[in-house]
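Trainee: Submitted below is the structure of interest, expressed as structure tokens.
The values are calculated or read from the model by the stated rules, or taken from the named source; none is laboratory data. Being a predicted model, the structure only gives us computed values, none of them experimental. Neighbour counts are summed over all protein chains in view; Cβ atoms, including those assigned to glycine, are modelled from backbone coordinates with ideal geometry. Accessible surface is based on the protein model in full, side chains and every heavy atom, while ligands, DNA and RNA are left aside. Shrake-Rupley method; radii C 1.70, N 1.55, O 1.52, S 1.80 Å.
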Amino acid sequence: MLPLIIAGALGLLVVLWVVGVYNGLVRLRNAVKNAWSQIDVQLKRRHDLIPNLVETAKGYMVHERETLENVTKARNLAQSATGVANQGQAEAGLSRAMMSFFATAEQYPDLKANQNFLALQEELASTENRIGFARQAYNDAAMQFNNKVEMFPGNIVAGMFSFAKAEFFEIEDAAQREVPKVSFS
Amino acid sequence: MFELIRANKRRSMLLVFVMLALLLALGFTIGFAVFPPRGFWAYANGQRYEVMIPPGGLIGMGIAFLLWTIQAFAAYFQGDRILMAASGARELERQDAPQLFNVVEEMTIAAGLPKPPAIYLIEDMGLNAFAAGRDPQNACLAVTAGLMGKLNRDQLQGVVGHEISHIVNRDVLFMTMMGIMAGTIVLISEGFVRATYYGGSGTRYRSSSSREGGGAQALLMVLAIVLAIVAPLIAQLIYYACSRRREYLADAGSAVYTRYPEGLASALEVIAGDAQLTASANKVIAPMYIVNPLAGAQSLTSWSSTHPPTEERIRILRGMAGGASYANYAQSWERIGGAGRAAMPASALAQTAAGEIIAPHAAAQPPLMAAAGTADFKSQISDINSQAPTVPVQMAVPRGAQPAAAQAARMRQTGDWVRQLNGFRFITCGCGARLKLPPEYKNDKIMCPRCRAIHATSEATTDLPGASA
């Protein structure tokens, strides 16, 4: 009788442990999902702001058609991207286009004095920050989740219920990470 | 990070219990002294028993507990609003201060709060900010107009990060509760001391006390008086100690959220350099501000200070060599002062910390130090950044110190912005002067004080030309 009770108790403990780990995994996975939706909201916000910016700048930057078109193109590309990795690449392209746009805008004092432009610039700068912060939060959440999925003994439960690792959101692409080549010719 | 909060919670619970025990002990002793125990003769089975009951002690404890409960309830459900009303803050809309809202929302995302706090403005040219509210869902954040005028975006972000960190750590709730307990202790003690002083209850009860009479009762009375004098002091020391500890944690939080400790460091420098006190502050709200609003520019560290000395906070932030994590902050914290330093006088601190990372008189020359500090820090950060991609630095290059003229212009703009919020209307005269009409100004015409041109009041607009507060 006694061995039976001990075995039963042990079995119950194991079941309770599995339930605990499973629930923990689900909670972390939801945190990852939530963090991703935060990024998504901010990316969408950026995509919505850019047409306004281009519209405002058009009147002042008549000779910079190409820069403006690049921004619009990069924005459309980013908007249609799907998947964490693809989206990261497209957003990196958009960031670069925006950077060169703002660098060009520096040469137009009238544009820089435009209230509407200033407001949009603040909104975009803020959105950039938010994307950055949301990315931090997402990657933190993803790392916590992945640790739990990969580390022993959590990985047993993760394997049982086939929890897949979360992807990290990298906004820089490979080209950006290379050391820039400088030539003096 | 979560471990930090959990450890903090444990320590907090302990302190709450100490405080509560102090409160109850005070209630018990006073009750005991005022209503002394009486002996009864009870007869049972032909025997005579002496039964002593101490109703006074229990009554005293009950009253103390009840007082605390009532106040705690009020504070829990109305605390944020009471605080905001006490400091004369008004709620802002998004269009009033888009940049402030952006900064707050960014920090909300960085901290992972469910929603941004309500944002309030204190119409005060002193430089300060505080957070209130029982939990992240019911939080509010207040900044002074002076802060909006004097800080640049990165600095504002550092300050907002600090306040958001208070909200995340539930410091606001905790400090409110501790404040209420300390307040109740003060209230009871003062009431008792006064009642005794004016020849109230004490003597009356002593004369009518039971056979044991005089001696013991007098001793109890003395004990009660001593406790009534000492308890408020102890309560306040506990309260201040908690407050200081939490300031460090909030500074660390700000560095983690912004990934840019220099923002808060230079903001603190600007705030410390500004001698103007926050007029609307009072003792109870003081621990909730970013710097102690009641101490002047240099607040010495001491047992009775709600905040660690600003200069030291700056040094710790600047000493976070090459990283923006809680671990970095903890390292820097230890290097610059160590654990026992809250008890140390400022002079001793200056000696031990001299020559470390930043010269001791950093606060005396803000522009130079700010510039040098940032450049250095940036390079360190980017080094670390290449090694640890999950801890990137998000901020743009800092704008550095603003020239005095630009700062004065910003302050003027901020003043106009506050007037605009209060329903002032503006006329820009041909001579360049800007006329500000208060909402109660009812005349049709107004004369420009500089060039004496007459304007019709109907020209006035509520728009602010060139304002970007």
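Trainee: Taking residue B:132 as meeting all but one of (1) aliphatic (A, V, I, L, M); (2) surrounded by fewer than 23 Cβ atoms within 10 Å (Cβ to Cβ); (3) away from chain A (no Cβ under 14 Å), write down the number of the exception.
Mentor: Every condition holds for residue B:132 apart from (2).
Trainee: So, residue B:171, is that one surrounded by 24 or more Cβ atoms within 10 Å (Cβ to Cβ) and in contact with a helix residue (DSSP H, G or I) (Cβ under 7 Å, 6 or more places away or on another chain) or not? Lay out the reasoning, then the answer.
Mentor: Working: surrounded by 24 or more Cβ atoms within 10 Å (Cβ to Cβ): yes; in contact with a helix residue (DSSP H, G or I) (Cβ under 7 Å, 6 or more places away or on another chain): yes.
It is true that residue B:171 is surrounded by 24 or more Cβ atoms within 10 Å (Cβ to Cβ) and in contact with a helix residue (DSSP H, G or I) (Cβ under 7 Å, 6 or more places away or on another chain).
Trainee: Now, a different point. Within segment A:1-36, can you find the residues that are open to solvent by less than 50 Å² (accessible area, probe 1.4 Å) and under 21 Å from residue A:137 (Cβ atoms)?
Mentor: A:24, A:25, A:26, A:28, A:31, A:32, A:35
Residue-wise test of (1) more than 14 Å from chain B (Cβ to nearest Cβ); (2) free of Cβ contacts under 8 Å to residues at least 60 places away in the same chain.
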| site | (1), (2) |
| --- | --- |
| A:46 | no, no |
| A:53 | yes, no |
| A:90 | yes, yes |
| A:95 | no, no |
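Trainee: Looking only at segment B:71-125, filter to residues that are polar (S, T, N, Q) and away from chain A (no Cβ under 14 Å); which one of those is least open to solvent (accessible area, probe 1.4 Å)? Working first, answer last.
Mentor: Residues of segment B:71-125 that are polar (S, T, N, Q), as a first pass: B:71, B:78, B:87, B:95, B:99, B:102, B:108.
Filter again for away from chain A (no Cβ under 14 Å), leaving B:71, B:78, B:87.
On the way: B:71: 61, B:78: 84, B:87: 3 Å².
Of everything passing the filter in segment B:71-125, B:87 is least open to solvent (accessible area, probe 1.4 Å).
Trainee: Next question, about the same structure. Residue check, residue A:82 against (1) in a helix (DSSP H, G or I); (2) away from every other protein chain (no Cβ under 11 Å), all met but one. Which one?
Mentor: Residue A:82 satisfies every listed condition except (1).
Trainee: When you scan segment B:41-70, how many residues do you find that are surrounded by 12 or more Cβ atoms within 10 Å (Cβ to Cβ), polar (S, T, N, Q) and at pLDDT below 75?
Mentor: Residues flagged as surrounded by 12 or more Cβ atoms within 10 Å (Cβ to Cβ), polar (S, T, N, Q) and at pLDDT below 75 within segment B:41-70 amount to 0.
Trainee: Now for a different question. Of all residues in segment A:118-170, which are within 10 Å of chain B (Cβ to nearest Cβ) and charged (D, E, K, R)?
Mentor: Passing the criteria: A:122, A:123, A:128, A:130, A:135, A:140, A:170.
Trainee: So, of the residues in segment B:211-247 that are surrounded by 13 or more Cβ atoms within 10 Å (Cβ to Cβ) and part of a loop (DSSP other than H, G, I, E, B), which turns out to be modelled with the highest pLDDT?
Mentor: Step by step, filter segment B:211-247, then rank; the result is B:213.
Trainee: Given the conditions (1) at pLDDT 85 or above; (2) under 24 Å from residue B:244 (Cα atoms), and given that residue B:152 satisfies all but one, which numbered condition is not satisfied?
Mentor: Exception for residue B:152: condition (2).
Trainee: Could I ask something else about it? Restricting to segment B:166-194, name every residue that is among the acidic types (Asp, Glu) and closer than 24 Å to residue B:60 by Cα.
Mentor: First, pick out the residues of segment B:166-194 that are among the acidic types (Asp, Glu): B:171, B:190.
Correct list: B:190 only.
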